[in-house]
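Take a look at the structure below.
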Amino acid sequence: MSRATRIPLIVDVAVIGGGALGAATAWLLARRGVPVALVEEGSARQVRDAVRGTAWSDHPGWADTPESVRAAAVGLWRTLEAETGAGLLRRADTLEHGRCRPGPRTLTPTEAAAGWIGSFTGPVALHRGAGVQVAASQAVAALTAAAAGHGAVLRHRCGRASVLVSGDRVEITTATGSVHARRAVVTTVVPDATVELHVACGRTRLPLAAHEHPELGQVRIAPCAGGHVAVSARGVPEDRLREYARAWLPGIDTGTDPGAAGEGGFAQIVAPAARSTGGGRVHVEAAGPVVSATTDTVGSVAAPAWARLLADTVTGAGPTVTARRAS
């Protein structure tokens, strides 16, 4: 019997997509005792490598995640840490420059430049511990391991999956076999127009920053693993973002290239789906037994909270979702 014609795996819920959102959904379902299968096109290593060296970051001033969602996500990351023993989440200070929210402490440009990298031309709001970062590749590995630990069936290297609704069941067909389920959660990544550069930096304990630039709009800055700093903006040409980094981040070592060679010492341009500066907006729609969730990044700080929404939807533990959008 070939792999493609083997007896179908029968579960209650099939989750398609092994990124952070799909893996977190499988984990939360399995924790509830729901028979669940996680189906992923690529290998587990490919999923981890897609976000290797990045830290998913969330800054309240970036306005990607409602505070209630952020708080729920932090609690779930702590639960995952307790289950797996992995150190995933850390709190980070945040800076806001340009159009600032009121902060417990306002720094002068001189004070800000003395403590942090950057060129500052006006007041800077400092919020201690307001930001959150999650180690991305370790988080995907922990979510997947925790799902399996609670009984989820993991199927990687499946190739593209075909989803067919047949009566009251869903049939998922892949190159390695089929899965029959009562419900299915299909996660898809559709990147937005954000451009993110990773540049060399000798300092690792840096704050998350939001700079409201008069021409570029909001520029986001966040430390990553491997001595990199991520600099991103939405809809800005790459060369313009490079110019910004040279002008506004003089403390960054643009003469050292820790990764792939790039102009002016820049390490790399990151694929939009793998960016670390915010993102993670989710659009959820339910049609019959299939719940579709579209997000703009492979993972984010908020992923477990949105995964709980998906788990609630397919198990009937929460309100029925017809169309819901996180903004």
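Using 0.36 nm per residue and subtracting the Cα-Cα separation, the extra length available between Arg182 and Asp12 on full extension is 60.7 nm. Of the beta bridges in region 3-325, as assigned by DSSP with both residues counted there, near 70 percent are antiparallel. Loop-located trypsin sites (Lys or Arg not before Pro) in region 135-235 (DSSP state other than H, G, I, E, B) with a sparse environment of at most 16 neighbouring Cβ atoms within 10 Å: Arg157, Arg160, Arg203, Arg205.
Throughout, read-outs are computed from the coordinates displayed, never taken from laboratory work. Since the model is a prediction, treat every value here as computed from it, not as a measurement. Heads up, the Cβs are rebuilt from the backbone with ideal geometry, glycines too, and the neighbour counts pull from every protein chain shown.
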